[in-house]
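Student: My structure is below; once you've seen it, I'll send some questions.
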C-alpha cells in the first residue's frame, strides 16, 4: 500500500479510536450497563436501512441535478460519487477532498470538470440551505435551547435566517457581488484573488442553475431533505434499540443543528467536533452514562461504514496514490 495513504489511514484510525475512547471514558456510568443489556438487535438492521435510504435519496438528488445539466449518470457512477465523498472527506482537512473526489468520479463518468464542479456545488448548497431553513423551526419548538428568548425575537430571527440565503442567490444574478469582491480583494495577492473569484464563479453558476430550473430544483431539494432526514433518523432508531424514550422531534432537530455546524468545521469529517457536539446537545436528554456510547454509535453508522465502502470504491478506481492525485488536482482544473 502507498506509504502516504497507509500513514493517513493509521493516523485517522488512531484519532477516531482515541476520541471515541475519551468520549466514552468521560461520559460512562455503571448504570449504562442496564441499557446495554436491553439492546434490541433489530435496531441495527433498521439503522442500516435508514442509512441506505439516505444514501439512495442522495443519489437521486445527484441524478436530478445531472439531468438538469443535460448529463446522464448511471446508478453505478452515482454510487461511486456519493460514497467517495465520505472517504475523502474524512481523510482531508475541512472535508476538502470530498468535493474533489466527487468531481473526479464525475469526470470519469464523462461529465466535464466545470459542469461537475457546479453540480457538486449545488448539491452542497442544497444540504446547507435545507438545514438553514429548519433552524428557526427547531429553535421555536425546542425551548430548552433558547427558551430565554421572547417568541417575537425568534420569529424575527427566523425571517432573517431564511431570507439571507435567498437574498444571496438573488444577488448572484446581478453584477453587484463581482463589483464588491473587486473592491474588497484589490490588495490581495493574485493567487488569493483568483481563488476567491473562482469560488464566486462557481456560486454564481450554481445560482443560475437553481434559478432557471425551479421545478426540478424543488424536486432535488426535496430529495436532499429526505436524504439528510433518513441519515439523521439512525440516531432515534438507536435510541429505540436501547429502550430510550426520547422525543423524535427533539432528536432530529438537534441532529440537524449539529450537522449544520459540521459543514463549517476544519477537522477531517468533523472528527472530534461531532462527538463533542453530540455530548453537549444530548447529555441532558439521555440517561446517565449513555451519551458517549450513542455518539460513537452514531459516527460508526453514519460516517465510518460509508467511509469503508467509499475507500474500497475510490482505491479501486484511482489506486493507492489517490491522496497524491487529490492534492495535485483542483475541481476547477
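The values are calculated or read from the model by the stated rules, or taken from the named source; none is laboratory data. Owing to the predicted nature of the structure, the values given are computational and were not obtained by experimental measurement. Reconstructed Cβ throughout: ideal geometry from the backbone, glycine too, with neighbour counts over all protein chains shown.
Student: Out of all the residues in region 42-62, is one or more part of a loop (DSSP other than H, G, I, E, B), in contact (Cβ under 8 Å) with a residue 24 or more places away in the chain and more than 14 Å from the chain's Cα centre (by Cα)?
Tutor: Within region 42-62, the first condition is being part of a loop (DSSP other than H, G, I, E, B), and the residues that meet it are none.
The answer is no, given that none of the residues of region 42-62 is part of a loop (DSSP other than H, G, I, E, B), in contact (Cβ under 8 Å) with a residue 24 or more places away in the chain and more than 14 Å from the chain's Cα centre (by Cα).
Student: Mind listing whichever residues of region 23-51 are out of contact with any helix residue (DSSP H, G or I) (no Cβ under 8 Å at 6 or more places or on another chain) and buried (at least 16 other Cβ atoms within 10 Å of the Cβ)?
Tutor: Selection gives 35 alone.
Student: For region 257-272: of the residues being farther than 13 Å from residue 90 by Cβ and free of Cβ contacts under 8 Å to residues at least 40 places away in the same chain, which is surrounded by the fewest Cβ atoms within 10 Å (Cβ to Cβ)? Steps first, please.
Tutor: Keep residues of region 257-272 that are farther than 13 Å from residue 90 by Cβ, which gives 257-261, 263-264, 266.
In the following step, the residues that additionally are free of Cβ contacts under 8 Å to residues at least 40 places away in the same chain were identified as 258, 261, 264.
Working: 258: 22, 261: 15, 264: 10.
Among those that are farther than 13 Å from residue 90 by Cβ and free of Cβ contacts under 8 Å to residues at least 40 places away in the same chain, it is 264.
Student: Identify all residues within region 65-78 that are under 16 Å from residue 54 (Cα atoms) and either surrounded by fewer than 20 Cβ atoms within 10 Å (Cβ to Cβ) or over 21 Å from the mean Cα position of the chain (by Cα) (or both); write none if there are none. Steps first, answer last, please.
Tutor: First pass over region 65-78, keeping only residues under 16 Å from residue 54 (Cα atoms): 75, 78.
Result: 75, single match.
Student: Right, here's the next one. Any chance region 205-223 includes a residue that's in a loop (DSSP other than H, G, I, E, B) and in contact with a helix residue (DSSP H, G or I) (Cβ under 9 Å, 6 or more places away or on another chain)?
Tutor: Start the filter on region 205-223 by keeping residues that are in a loop (DSSP other than H, G, I, E, B), which leaves 213.
Next, from what is left, pick out any that are in contact with a helix residue (DSSP H, G or I) (Cβ under 9 Å, 6 or more places away or on another chain): 213.
Taking every residue of region 205-223 in turn, at least one turns out to be in a loop (DSSP other than H, G, I, E, B) and in contact with a helix residue (DSSP H, G or I) (Cβ under 9 Å, 6 or more places away or on another chain).
Student: Looking only at helices (runs of 4 or more DSSP H) that fall completely inside region 76-147, which ones have 1 or more residues that are free of Cβ contacts under 8 Å to residues at least 12 places away in the same chain and touching a helix residue (DSSP H, G or I) at 6+ places or on another chain (Cβ under 7 Å)?
Tutor: Numbers: elements: 96-108, 113-141, 143-146.
So the answer is 96-108, 143-146.
Student: Report every pair of residues separated by at least 6 positions or lying on different chains whose Cβ atoms are under 6 Å apart, first residue within region 202-226 and over 13 Å from residue 60 (Cα atoms), second assigned to a helix (DSSP H, G or I) and at pLDDT below 70.
Tutor: So the pair list comes out as 207/169.
Student: Then there's this: Here is a check on your reading of the model: is residue 155 more than 25 Å from the chain's Cα centre (by Cα), part of a helix (DSSP H, G or I), at negative phi and modelled with pLDDT under 75? So that I can check it myself, show each step before the final result.
Tutor: Values: more than 25 Å from the chain's Cα centre (by Cα): yes; part of a helix (DSSP H, G or I): yes; at negative phi: yes; modelled with pLDDT under 75: yes.
So residue 155 fits the description; yes.
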